[in-house]
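S.K.: Okay, handing you the structure first.
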Amino acid sequence: MNRWNVPTATSLGLLIFLAGFGRADARGLDASWLTKPAEQAILNNQFAKAAVLYNGALALRGPKPALHWRLAQVYTMGGQFTLAQDAYRSFIKVSKDDAKRARARAEIARLAAAPAPFVTEDVATQVRQRGFALKSAKRARTFLKRKQYRIAIRYYEAALVMDNSLVGVFRLLGTAYTKLKDKKRAQAFYIRYLRLRPGGPLADKVRRRLKDNKLLAKVTFRASFPAAVYINRLPLNWKKKTPFENVLLPAGTYTIIIYHQKYHAARKIRLRVKEGQQQTAEFKFGVLMSKLTPWARVRANGRDLGLWNEIGLPAGRYKLEFRSDDGKKQMTHQVNLKGGQRLRVTRWK
């Protein structure tokens, strides 16, 4: 079990994803700015931090026997025996030192037979290294400006391994591969970005670069009144409201919220998007406008609607109960509220 949730191929799938694109030339790249603080972290018994930094160094430098060996030792010191065995296996694949390869096999056997250590949750206090990841991304941006795209890719990959929440880096990797005229790899990273950040501030720019990609789906968002759309908690567009026609999205499952602020109406939709298809997410609702004198508290199908005199309700049949604040007046209406309908109630019966 990966108790640290550190960025490994088994826990995130990220290294496998990155490895599938081939690796840029790592010659001349210095990883000491990662390995030196990793060694200091080991001295401070911060093994999770050290593991993240060594994984970052491997992403930057590529397969290096010394880095794999040290990473295996870090996992062992931290009680992560399964991950240590994986690191030793990686060492065996890239090392040409037969004696050390034999030692690695012996360690794998020893760790496999050893009882699983007790590791408290305190070990999991550092699962990412955002500061180092941002530093790596900053270096990548420098090389991108210099048009040294392959080196930039290395630094961006290292940044992701050290903090996979930096979703924007996927877009920047797409940019780097675009500059290298590698359309297939560029689009793969753009799709990865769009899947994670479909409502991001630069998502529309990415969509324009993917407009001819057949792996994407076209999704239309509609509401009975112009409403905001949120995808995975991010606004699809800060300035615009529904309708949104044929928005490009990669295949996957998304949480959609269509929300009308003025009428306090919202619908949450779990949308499963399939590649190459056209789909629609729609929120049909009407508006109840209570203009009674004296003012009335309103319940719809037994649910209190709060202190609003204009409130949006999903289209459907309702038993509306009105009760004046002083309790002297009350009435009931049975209605079939339609999408886009404004139902005004102005008189007591």
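S.K.: Among the DSSP beta bridges whose two residues both lie in the chain, what percent are antiparallel, rounded to the nearest 5?
M.R.: Details: 40 of 50 bridges.
Counting DSSP beta bridges with both partners in the chain, the antiparallel share is about 80 percent.
S.K.: Further, regarding this structure: For the chain, set up a Gaussian network in which alpha carbons nearer than 10 Å are linked by springs, and say which option among Thr175, Thr253, Thr35 fluctuates the most.
M.R.: Thr253
S.K.: In nm, to one decimal, how far is the Lys181 label point from the Arg323 one, both placed 7 Å along Cα→Cβ?
M.R.: 7.5
S.K.: Right, next: If the cut-off is a Cα-Cα distance under 20 Å, which lysines reach Lys291, setting aside same-chain residues fewer than 8 apart in sequence?
M.R.: Lys262, Lys319, Lys328, Lys329, Lys338, Lys349
S.K.: Hey, how much of the P(r) for region 285-345 falls beyond 19 Å, as a percent of Cα pairs?
M.R.: 20
S.K.: OK, next. Charges at C-beta only: +1 for Lys and Arg, -1 for Asp and Glu. How large is the resulting dipole of the chain about its Cα centre, in Debye rounded to 20?
M.R.: Here the size comes out at about 1500 debye.
S.K.: What is the extension gain from Gln330 to Lys240, computed as 0.36 nm multiplied by their sequence separation minus the C-alpha to C-alpha distance, in nm to one decimal? Each step should come with its number before you reach the end.
M.R.: Values: separation 90, 0.36 × 90 = 32.40 nm, distance 4.05 nm.
Separation in residues times 0.36 nm, less the Cα-Cα distance, equals 28.4 nm.
S.K.: Can you pick out the pairs among Lys240/Lys274; Lys241/Lys268; Lys184/Lys274; Lys218/Lys268; Lys49/Lys179; Lys36/Lys138 whose Cα atoms lie more than 23 Å from each other?
M.R.: Lys240/Lys274; Lys49/Lys179
S.K.: Oh, and also: Provide the net charge surrounding Ala227, with neighbours chosen by a C-beta distance below 10 Å and charges set as Lys +1, Arg +1, Asp -1, Glu -1. List each step's numbers first, then the result.
M.R.: Numbers: positive: Arg222, Lys241, Lys262, Arg267; negative: none.
Net of charged neighbours comes to +4.
S.K.: Now a separate question. Suppose each label sits 7 Å from its Cα in the direction of the beta carbon; what would the Arg299-Ile92 distance come out to in nanometres?
M.R.: 7.0
Values quoted throughout were computed directly from the atomic coordinates according to the rules given, and no laboratory measurement underlies them. The structure displayed is predicted, hence computed values, not measured ones. Positions of Cβ are backbone-derived with ideal geometry, glycine not excepted, and every protein chain shown enters the neighbour counts.
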